[in-house]
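The values are calculated or read from the model by the stated rules, or taken from the named source; none is laboratory data. The model shown is predicted, which means the values in this text are computed figures rather than measured ones. Virtual Cβ from ideal backbone geometry, glycine too; neighbours counted across all protein chains shown. Accessible surface areas use protein heavy atoms only, side chains included; no ligands, DNA or RNA. Shrake-Rupley method; radii C 1.70, N 1.55, O 1.52, S 1.80 Å.
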Amino acid sequence: MLVALEAELGAENVAILAEQCDLRMTGMGKLLAFEATLAALKGKEYDAIINIGTCGSFRHPFATVLRPKCVAQGDVYIDPESVFYSEPEILSTGDEGCAIASSDNFIGADTPETLRRLIEPYDCMDMESYAIVRAIRFHFSQQGTDTPPIYMIKVVSDGCDGTVDDWQTRIERLRPTLLTAAQQLLEEINSK
């Protein structure tokens, strides 16, 4: 299980989940997430890989639990008209129609309107999901083996409106929701 920051779960919940699965912190942002994911996969075998964490959303209220199926790279890569555009990654898991975009920037009131319009169709935004999926797929393509199922759980922490300043307070309120969602997914996977 991959999560960007221990703060998202809290030390107590990290200890609980670490007893139930191999839990790794990736750090914040796409580059750190890519590198940490590759390091976590090195020399290990997993039946499934889970990425959990918080996200911003224009569409869903605080504390909504989302399970994205479509994972897109944000920033200049999200515009289909751009020469930098990259196709979204589609997971075999997740809720149909639920999409996340990963950016290296917080989306807030100061985000340019052109970028906000490109991101608005997505259910949520974070800073790691796309890089995690790409690292997993890259790793297994290099191994020449099938990629195990990739699951994502994202809990809405803000409305992409610049209120991220009170993120620490919000995240403390979300920790029980994130823990419950993670444990339910682990039970679901283990029962297969």
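Residues with beta-carbon under 13 Å from that of C124, excluding C124: net charge, scoring Lys, Arg +1 and Asp, Glu -1?
In short, -2.
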(request) Using only the alpha-carbon atoms of the range 1-88, report the extent along each of the three principal axes, biggest first, to the nearest angstrom. (result) 46, 36, 22
(message) Whole angstrom only: what separates the Cα centroid of the range 49-125 from the Cα centroid of the range 14-39?
(response) 20 Å
(request) Please calculate how many Å² of accessible area the chain carries per residue, with a 1.4 Å probe and no DNA, RNA or ligand atoms counted. (result) 49 Å²
(message) Report the per residue volume, in Å³, of the convex hull enclosing the C-alpha atoms of the range 37-126.
(response) 123 Å³
(request) Given a cut-off of 20 Å, name the pairs among K44/K154; K30/K154; K69/K154 whose C-alpha atoms lie farther apart than that in the structure shown. (result) K44/K154
(message) Given a 1.4 Å probe and heavy atoms of the protein chains only, how would you sort Y122, Y130, largest accessible area at the top?
(response) Y122, Y130
(request) Using only the Cα atoms, work out Rg/Rh for the range 91-192, with Rh taken as the Kirkwood radius, to two decimals. (result) 1.01
(message) At 1.4 Å probe size, what's the solvent-accessible area of D104? Round to the nearest 10 Å².
(response) 80 Å²
(request) Can you send over the carbon and sulfur percentage of the accessible area for the range 122-192, probe radius 1.4 Å, protein chains only? (result) 44 percent
(request) For every other residue with a beta carbon closer than 13 angstrom to the beta carbon of V14, add +1 if it is Lys or Arg and -1 if Asp or Glu, then tell me the sum. (result) -3
